[in-house]
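Below is one structure, written out as structure tokens; comments come after it.
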Amino acid sequence: MEKKCFNKEVDPYESHVYDLFRWRGSIISAILPFWFTSVAWSALISALYVSVGVKQVGTANTLITILSLVTSLILVFRTNTAYDRFWEGRRLWSQLVVSVRNMARVIWIHGKEPTVADVLAKKTAINLLAAFGVGTKHYLRQEYSHEYEDLKYLIAHIPKYTMPSSNESLQDQLHKPSSWHRFFHPTSGTNGMRQRKSFFHTKSKSRSTLAVNPEMNLNDKEIAQFRGSNNIPLEISLYLSSYINSQRNKDLLDVPSTTACMNALNSLVECLTGFERILRTPIPAAYSIHLSQTIWVYLFALPFQLVISFGYVTIIVQAIASFTLLGIEAIGKEIENPFGLDANDLPLDDFCQILTHELDSLTSKPPPSVDEWVFSPRNHPFHNAHGLDVTAQDLRRASIDEVRSLLSVTSDSKSKAGVHMRSPKKRSETDESTLDEKHIHEKDAVYLDINDRIHDEEKQGAHVRDHQNVASTEDDHLDHAAD
């Protein structure tokens, strides 16, 4: 099986096609029928005035000025409100990622693991954090089933999710409607999730008659035990809270770590509630309806006021005006709910995939030991200091006063260099050379002393090893002679 590579992230700002010619992500397909209707109306009015000679259809253009101002103000407010909802959704998801990362880090690093069971418990808890993100994605899309491929293996061990789900029909999952079908039937498939995306604000939901209910043969007690909660992320938060409480009672998490985990968990629930606020509180229907009606009044009245001056050119002007106004209205409705499957919605699938990969990478290795990376042969703490190329492993044999003198000398040299770079004025050569000589003498004295000590210790170690080798050789000779 081919594995996906995460070494290179997709650049959301990169496009191989100029924006003028891009189709994916545009709202042309959404407004095309309405645009044709507006253009056909202007063609009819133009033909009546120019070809048929019905001069009464031409009126003064006073109404254009009034309606243009009102329509522009309403469209601007509508679009800004929709974008605020879109950006709020992105901000809340960033907060969710921060909380997941912090909680996973505390559990994996600060949680004690004296037994194998504790290691498995930590890994399972971090998997639940990944499940919280994935479950939130499906919850926001009103996909209440727990049998999705990216979710079921993360929560299959939770008793409530051991039974098949009947929240979403199999037909709705396998037969997603096409874009044109969704346009004319905006609530078909996915339990009516896309009703707020369309021009038709309806509350009806489609339900397949072919869905199989796995609870039909269970009694009331079994149904209460195995029925999956629709709010899967909230259910996961209960198990995470239970884990934190259990680890604290076993003294496997200290008090500060427990507090950090609980704060992160509270933040996750706050994010979920913020998502629900966006999902379940659309812009009031009266406002959207009135905006749509105002736009169409303007578009229907526009040809009557342009035909006197432009004739058949009115069709072109009408096409441009309707494309602009209907497009802005469609953009507002498109991004009002940013959690769907449209090209302009938040890429929640990518977000969840990256988050899951990060958590798997975190748990792929045991918590790092300080000695492994601090006293690594490649760690040169004073690599910026002039004339010293000593590792932390070598400096371990130096005294505390010598190391602190290196810290002070390095800090002084950096401060002097920073002041020199920031200062636009040139200092006198005498003061500069005096300071340089002072710092050089201080550094050289410390560096040479440490270097000499390290070299002397290495020589002594080499002499000791040579002496031991000679002694062992003599003992071997004596043993052979005795034999």
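Every number here is computed from the coordinates shown, using simple stated rules; none is lab data. Since we're looking at a predicted model, the values are computed, not measured. Positions of Cβ are backbone-derived with ideal geometry, glycine not excepted, and every protein chain shown enters the neighbour counts.
Results, tabulated for the structure shown:
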quantity	calculated
Rounded to whole Hz, the Karplus (6.51, -1.76, 1.60) HN-Hα couplings of the range 33-45, x for glycine and proline	x, 6, 5, 4, 4, 5, 5, 5, 5, 5, 5, 5, 5
Too-long pairs where the Cα-Cα distance tops 19 Å, listed order kept, from 112/250; 112/365; 152/250; 250/365; 152/365; 122/160	152/250; 250/365; 152/365; 122/160
In order through the range 120-137: 3J(HN,Hα) via Karplus (6.51 cos²θ - 1.76 cosθ + 1.60), integer Hz, x for Gly, Pro	5, 5, 5, 5, 5, 5, 5, 4, 5, 5, 5, 5, 5, x, 5, x, 5, 4
Least to most buried among 364, 99, 237, 376 (fewest other Cβ within 10 Å first)	364, 376, 237, 99
Percent of alpha-carbon pairs separated by more than 17 Å within the range 14-125	80 percent
Length-normalised contact order for the range 226-385 - Cα pairs under 8 Å, 6+ apart - percent	13 percent
J(HN,Hα) series, the range 243-251, from Karplus relation 6.51 cos²θ - 1.76 cosθ + 1.60, nearest Hz, glycine and proline x	5, 4, 5, 5, 5, 5, 5, 7, 6
Residues 144, 287, 161 arranged by fewest to most Cβ contacts within 10 Å	287, 144, 161
Footprinting exposure proxy for 352, 261 (fewest neighbouring C-beta atoms within 10 Å first)	352, 261
